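Here the structure comes first, spelled out in structure tokens, and everything after it is commentary.
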Amino acid sequence: MRNTRARIALLGTGAGVLLLALILSQWPPSGDQAPALPFTPEERGPASTEERPSEPPAPPPPSRPSPPAALPPEDALATALGEERVTLASSVSIEGIEQDRPWVCAGEVLSLSARLGGVAEPGSVTRWIWPVPGGHAELHPGPLLQWRAPLAAGRYPVRFQVCKDLGGRRVGVLAERQLELDVRPCGEDAGQRYEPLQIGVTQSGPGTFTFEALYRGGEPVAAYTWNFGDGSRATTAEPRMTHTYELSGLGPQEPRSFTVKLQARLERGPSLEATTFALTRGHPSSGAPPSVELQVSRWRPRPDGDGWRSDVVVRVPDNTDHTWERFERVFLHWEGEAETDVRDWRERVHVEEELGHGGFRGYVTVSPSEAGPDIKQILDFLYGRDAAGQEVVVSWSPFKREPPAEPPKTQEPLPVK
């Protein structure tokens, strides 16, 4: 409006005077013809003889601020993590993401495993991120995720990324994929514990696993068919199978997840199927001494009776600086289910003495609530990097429970006559 009024005022000083003189020279018009008006006025009532002061123009209505545009999901997650997202060109690809079940009951755990392809980028890491209430986000590193479903049913997004640290708050994203997880309401007699077939997993070496078919049903099983996810298959009559994965193609401590599928063929009726995952890591460099020395004492009850304590000593023999980043605690259940809790390493490790270059003397604790009767064993993993940027992992077990004795079989009561 300001620009329009400025133009009108300018015209009134020049061309407007010429236009006014032209109109006056032709007044009055010839005959009874009414003068031509430059515009058609609005209909008005009888003209008043009183002069009325011109009313000031009504102020324009106040403009309402437009709501801020919603951020794309990937940018919203970066904001929640306090990061600056940078998309990078890369030959890394995400070939697929597998789930151990197509949907999960509210409050239960769903296992996810990502499979990568292409050429690996030096210094790249993998991670899972997903939004949580309050504008926050949770993060879990590695290709394998034990995702606990919310208590409310619905569809929830989870994003897998391959990224690298660019310094400061900048994170470069090499590849990513998002999927929506189906969370359903379940009754008291539904859920994972009532599934007729599950797979128990026990790791006895860097690449050696024992898988056990946990079958709950009345119909006998004729055969078990195993697919170990690395091209190997086997059919057994027994519900237990040990398999060793080849780790020669993996870099030092490089993680790789394998999808294990089991089919139980019943003597009568349809076959049953179950899925689980095995996470492996590459051997340390051959001939190279370990970058750190680890000493861990066997867990013992705390004097106050509040759980158990394990003393931990980490030394760095080659005097190269090590930086510790995160701490993972894995809870193994008797039924084969595994849960992971990830925190900053100093939340779990109580450092009593700094030994230099990243070494320390301290301890970790296990609370009674963490070691419930359904927990078979707890595993701790301390992750960090050496001066060259290579990942360093040390691990130990702060708690293990002996298997319970077989309860005596109760005799069926006699029918009442």
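Couple of notes before you dig in:
- Only Lys, Arg (+1) and Asp, Glu (-1) charged, at Cβ; the stretch 95-246 dipole about Cα centre in debye: 480
- Amide H contacts under 5 Å for G307: R302, restricted to partners 5 or more places along the chain or on a different chain, H placed in the peptide plane at 1.01 Å from N.
- Protection proxy ranking of 146-154, 120-128, 182-190, 327-335 - average other beta-carbon atoms within 10 Å, highest first: 327-335, 120-128, 146-154, 182-190
- For the stretch 112-264, accessible area per residue (1.4 Å probe, heavy atoms of protein chains only), Å²: 51
- Solvent-accessible area of the stretch 179-222 (1.4 angstrom probe, protein heavy atoms only): carbon and sulfur portion equals 46 percent.
- Whole-Hz ³J(HN,Hα) from phi, Karplus 6.51 cos²θ - 1.76 cosθ + 1.60, for the stretch 355-370, glycine and proline x: 9, x, 6, x, x, 7, 10, x, 7, 10, 10, 10, 7, x, 5, 6
- Per residue, the convex hull spanned by the Cα atoms of the stretch 199-334 amounts to 165 cubic angstrom.
- Accessible area of V201 in the full protein assembly, 1.4 Å probe (Å², nearest 10): 30
The values are calculated or read from the model by the stated rules, or taken from the named source; none is laboratory data. The structure displayed is predicted, hence computed values, not measured ones. No Cβ is skipped: glycine too gets one built from the backbone with ideal geometry, and neighbour counts run over all protein chains shown. We work out accessible area using only protein heavy atoms, side chains counted, and drop any ligands, DNA or RNA first. Shrake-Rupley method; radii C 1.70, N 1.55, O 1.52, S 1.80 Å.
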